[in-house]
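Working notes, beginning with the structure itself.
The values are calculated or read from the model by the stated rules, or taken from the named source; none is laboratory data. The structure presented is a predicted model; accordingly, all values stated were derived computationally and were not measured. Note that each Cβ is placed from the backbone with ideal geometry, even for glycine, and that neighbours are counted across all protein chains shown. The protein model used for the area step is the full one, side chains on, heavy atoms only, and it has no ligands, DNA or RNA in it. Shrake-Rupley method; radii C 1.70, N 1.55, O 1.52, S 1.80 Å.
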Amino acid sequence: MVFKDCLVGFKELRPLVHLLLPLFFHWIAEEMTVSVLVDVLTSALCPGQTTCSEVIYISGLQQTVVGIFKMVVIPLLGQLADEYGRKPLLLITVSTSMFPFAVLACNQSRDAVYVYYVLRTISFILSQGSIFCIAVAYAADIIKEENRATAFSWITGFFSASHVVGNLLARFLPEKYIFVVSIALLIFGSVYMYFFLVETVERVDKRERDSTFLTKIINVTRKRYESMRYAAVVVFRSPTLRVISFVSFFYELGMSGISSVLLFYLKAVFGFNKNQYSEILSVVGIGAIFSQILVLPLLSPLVGEGVILCLALLASIAYGLLYGLAWASWVPYLSAAFGAIYVLVKPATYAVISKGSSSVNQGKVQGFIAGVQSIASLLSPLAMSPLTTWFLSSDAPFNCKGFSIIVASVSMMIALCFAFLLKPAEMSGHYPEEEIEAPLLGES
């Protein structure tokens, strides 16, 4: 019976094909550059060295700047997607990555790397997190509530599959072709989405053509503020959305901290290069495909998203601790195996959020909680970059090169404690925004 229901759910996911296919190529293009970027950036800024504190600090600064702007940009993009449509916002966000990669495709000097960092920072501000946010809102528009967990798992499953393909391309393609192929895939994904993706939101004519430019700016600012305030009230008046926002914050605080320094840590401690990076990332990706596309749709009706979320958080803690305590070069591969489970955090979180909010506010609520996650990604490098550099240096107070990763794992333990507070009965059926919408509109 479960398999039959699962197959029925898969058939209902067919409308997502024109969303998943261009995103698949976009994520392949993004992922295939990850493993080679460590070598390119280190070679440009610290020639002949395996450890480059300048790269670690600049990457941390980049993540901090991105986090600051994402706190406003992601909720804003979520609101704009609710009002002006998913398609134009998706086109804007997926098109930004081709410009920084074009710089490195032409030149990999020190100056070119600095230009890359500037353009990549702008790209991250617009696309990091917002693509998932808008894609999830698009899926919620056309998929029934009981099948949304499956839909979200397919989105994240395609994300993991793209990681595997991207890492295989990075493993076997010559380095000089990686950025060129990446740009070609990014262009293809944007063009495909422009021609084939169907809009799901009807734009409302605001009829403000007779207003002055200054009046339009004031009205837009006021409406953005009211909409963000409304989303914040919705989240914090709902027990489910309030708890999941704390889960998202502490999970992102730990995982983004680990992700920001992990490849540099592996290069410094074990001498890994792009081939080892690709192998480790492929291990995570292959397991993630299986768990998100096959396991999650089968388990979700049986145990619920809350149980899946807790199990995935446990796996993320094991993932971080094994990396932090790695005593041999094979341990990172063992740690990567837990990626097959911890990747379920994202789709389970999306499902909980979607069930806890009404259909008309999917973009606003998903965007607000994505903004909460961006605050975490802003804070994590402030501690992770100096802590990682300190413990990788000869001035470390004790011999534990992965101490910063262990600290990040503690944050995910806190996220697990909050996840235990989720109650299945509160995850769906009642939307508090329906009670607060009238007074908020009345105030405006």
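Tabulated values for the structure
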| quantity | calculated |
| --- | --- |
| With at most 14 other Cβ atoms within 10 Å, longest stretch of the chain clear of loop GluC sites (Glu not before Pro) (DSSP) | 209-444 |
| Largest to smallest accessible area among 141, 39, 395 [probe 1.4 Å] | 395, 141, 39 |
| Å² of accessible area per residue within the chain, as computed with a 1.4 Å probe and no ligands counted | 43 Å² |
| Accessible-area value, residue 364, 1.4 Å probe, nucleic acids and ligands omitted, Å² | 30 Å² |
| Global geometry of the stretch 16-69, whether rounded, prolate or oblate, following the gyration tensor of its Cα atoms and the 1.5 cut on a/c | oblate |
| Angle between the chain longest axis and helix 433-443 axis [Cα atoms, degrees, rounded to 10] | 80 degrees |
| Helix 345-355 axis, angle to the chain major axis (alpha carbon atoms, nearest 10°) | 10 degrees |
| Of the chymotrypsin sites (Phe, Trp or Tyr not before Pro) in the stretch 250-338, those whose Cβ has at most 11 other Cβ within 10 Å and which sit in DSSP loop | 327, 330 |
| Nearest-ten-degree value, helix 130-142 long axis tilted from longest Cα axis of the chain | 40 degrees |
| Accessible area of the stretch 236-292 belonging to carbon and sulfur atoms, whole % at 1.4 Å probe | 65 percent |
| In order through the stretch 162-173: 3J(HN,Hα) via Karplus (6.51 cos²θ - 1.76 cosθ + 1.60), integer Hz, x for Gly, Pro | 5, 4, 4, 5, x, 6, 5, 4, 5, 5, 10, 7 |
